[in-house]
1. Those residues that are in a helix (DSSP H, G or I) and modelled with pLDDT of 95 or more, I need them from segment 273-290; list them, please.
2. So Gly76 passes all but one of these: (1) open to solvent by 30 Å² or more (accessible area, probe 1.4 Å); (2) under 30 Å from Lys386 (Cα atoms); (3) in contact (Cβ under 8 Å) with a residue 12 or more places away in the chain; (4) not in a helix (DSSP H, G or I). Which condition number does it fail?
3. Looking only at strands (runs of 3 or more DSSP E) that lie completely in segment 99-214, which have at least 3 residues being surrounded by 15 or more Cβ atoms within 10 Å (Cβ to Cβ) and touching a Lys or Arg at 6+ places or on another chain (Cβ under 9 Å)?
4. Looking for something at pLDDT 90 or above and surrounded by 16 or more Cβ atoms within 10 Å (Cβ to Cβ) - is there at least one such residue anywhere in segment 525-532?
5. Find the residue count for segment 272-285, including only residues that are open to solvent by 50 Å² or more (accessible area, probe 1.4 Å) and of a type outside the set (Val, Ile, Thr).
6. Please go through (1) of a type in the set (S, T, N, Q); (2) under 23 Å from Cys133 (Cα atoms); (3) open to solvent by less than 30 Å² (accessible area, probe 1.4 Å); (4) in contact with a strand residue (DSSP E or B) (Cβ under 6 Å, 6 or more places away or on another chain) for Thr220 and return the number of the only condition it doesn't satisfy.
7. Of the residues Thr334, Thr298, which single one is assigned to a helix (DSSP H, G or I), closer than 15 Å to Ile399 by Cα and among the hydroxyl-bearing types (Ser, Thr, Tyr)?
8. Looking only at segment 442-459, which residues are touching a Ser or Thr at 6+ places or on another chain (Cβ under 9 Å) and within 17 Å of Phe612 (Cβ to Cβ)?
Amino acid sequence: MAIVRMKHLSVMAMASERKKLLELLSHIGVVEISETAECDGFSRVENPVSEKLLEELTTVKSAISLAKRYGSFKKGMFTPRPAVTEREFFDDALISAALSDAKRITDAEAMLSRDRAEAARLSAVAETYTPWCELDVPLDTPSGRFYDTTLATVPASKSAEDIGQTVAAASELSECFVVSADRELNYVFVLSFCDDTERVRDALKQIGGAIVRFAGVDKTAKEKISELQKEISELEKAISETEASLSVTEDVYDRLLAAHDALETRISVADAEEMGIGTERVFYIEGWCPAREEKMLTEIFEENGTAYEFRDPEEDEEPPTLTHSARFISPFETVTNMYSPPAYRGIDPNPTMAPFFAMFFGIMLSDAGYGLLLMLAGIFALVKMKPRGGFKNFMQLAIICGASTVLWGLLFGGFFGDAIPSVYRLFTGKVFPYETALWFNPTNDPMTMLIFSLILGGIQIVAGMAVKAYMMIRDGQVWDAIFDIGFWWVLFAGAITCIFNAKVGLYVLGAGALGLILTQGRAKKNIIGKFFSGVLSLYDITGYFSDILSYSRLLALSLSTAVVGNVINTMGILTGPIGFFVVFVIGHVFNIAINLVGSFVHSARLQYVEYFGKFYESGGRLFSPLSIKTKNIDVIKEEI
């Protein structure tokens, strides 16, 4: 339950073995590759395959998206992830087969899009012919020796009589027909002598008309629409056939998922290659690995004829941080990492932080019913979804915090608010005769709850100071630990003793204060500076007092959960048995949602500000080894 000691690793191998070496390291998963500085005779490695891999990954991603849309299978949230062996995962055949599937799917989708667009275009063209369906002459009727034809649209505000009069005024011998009309336009056909055509068209334009031309359309509108509908029908048939070919099976979809993760792993390997340097013949990389893995890596490098060197970190180097925690502690790494991973030379706060976080969360939510639901949700997610990584830790954290909530809910008498007394009163009309709290009820005794909260706060503050003292002693600063931590503890002990025995307490308190005055200014050069710095250090008592007062939020949030739950139950009683159930479910879902967030945020805040502020050295960088990291599938480990 500490920060794992790291070793710096340098590796040199033949350039021809570069890919094999890095794939081996990704299989082992214990080496983080660092960018190596260039030096004389060695240049940065360039990997032209990276761009190709990215293009292939883009193709596979597109195919996966289409497979979800057109697949003939259903995958729910709780469907087991597909699994492949590690040998299959690194086999080129997997990616080749998936790329073939992806090309077939994306080509079919491209054809589908093209045919749909063409069908939509033809439908739009057919719409332009529809108003002229009653016209039984070709739309592009050629002019005769003496006559000419005109197609025009005229605003619907002009009646057929107005249009006829306009045309007659321009040419008495012309014939005008309104073929059809809709809300916006009249569709007009005019037959006129050639000499009168221009005058007729100008007259139509003067009343808002527009001349319509269907160049090269030597058929009637009905014939043209029939022709277009036949083309559209053929396209729709082709679309149906293409859609049928896009019916992706589950095996193909799983292969695409496996190829997606395999390509991402190969891209990470290619990126690792580009972090190294080399010549035409040799390849050199540097990185970090846990010291406990040195023996295993040595054996592997020896077997493969690889040159290597391990060394301890230099003073000016900042290795990545890897923590090793017990099973109960590891879920709380999520909380710490949300703030900042610990510095490599710092200390892992999780073992000491975990009990406080779980306890504070349970006290703030403090409802056994809510805690039970949280536990069940976490267990259900772990069993059905089989999550990994951060989400798995989060679900485990939910189970632990749910158990803590159940415990404190029983101690404080909270079970969906005061559901037990409320249901008893609803059906009997009497007051529940028993006390539901195994210890005390904060809503009935808030002062006790406040004192309890402040005591817990004091305990955690002292625990944080104890961790700081340990770090000082570990670093050889024993006297600093006594002066900076020990004298404060003496002062705190005196303050507490005053509650029981004022005389003794004042002596102890005075001793602590005197110790601080004499030692807190030791960094100053002259005696006056030492004295005043020591005196001013006593002002820090206000900071400790403020920190302890922050723990009053334990009281505030526990009351918030309980009071809102009680009000929900009271409102339910007023609506009768049926209404009670509806109000109960809706109200408590709301209360759980709000107070889950509040309990998590405020529990974390107490750790980040009050607790970590006493000792925590943040700013670390999480250890990120070259490894097989999959999002969609499980890889079965095997010797390769």
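1. none
2. Gly76 satisfies every listed condition except (3).
3. On the way: elements: 147-155, 175-181, 185-193, 210-212.
In segment 99-214, 147-155, 185-193 are the strands (runs of 3 or more DSSP E) which contain 3 or more residues that are surrounded by 15 or more Cβ atoms within 10 Å (Cβ to Cβ) and touching a Lys or Arg at 6+ places or on another chain (Cβ under 9 Å).
4. Looking only at segment 525-532, we keep the residues that are at pLDDT 90 or above, and these are none.
Looking through segment 525-532, none of the residues is at pLDDT 90 or above and surrounded by 16 or more Cβ atoms within 10 Å (Cβ to Cβ).
5. Of segment 272-285, the ones open to solvent by 50 Å² or more (accessible area, probe 1.4 Å) are 274-275, 279-281.
Subset that is of a type outside the set (Val, Ile, Thr): 274-275, 280-281.
Count: 4.
6. Failed condition: (4).
7. Numbers: Thr298 fails: closer than 15 Å to Ile399 by Cα.
Sole residue among the options that is assigned to a helix (DSSP H, G or I), closer than 15 Å to Ile399 by Cα and among the hydroxyl-bearing types (Ser, Thr, Tyr): Thr334.
8. Gly457
The values are calculated or read from the model by the stated rules, or taken from the named source; none is laboratory data. Just so you know, these numbers come straight off a predicted model, no measurement behind them. Heads up, the Cβs are rebuilt from the backbone with ideal geometry, glycines too, and the neighbour counts pull from every protein chain shown. In case anyone asks, the SASA skips ligands and DNA or RNA and just uses the protein heavy atoms, side chains included. Shrake-Rupley method; radii C 1.70, N 1.55, O 1.52, S 1.80 Å.
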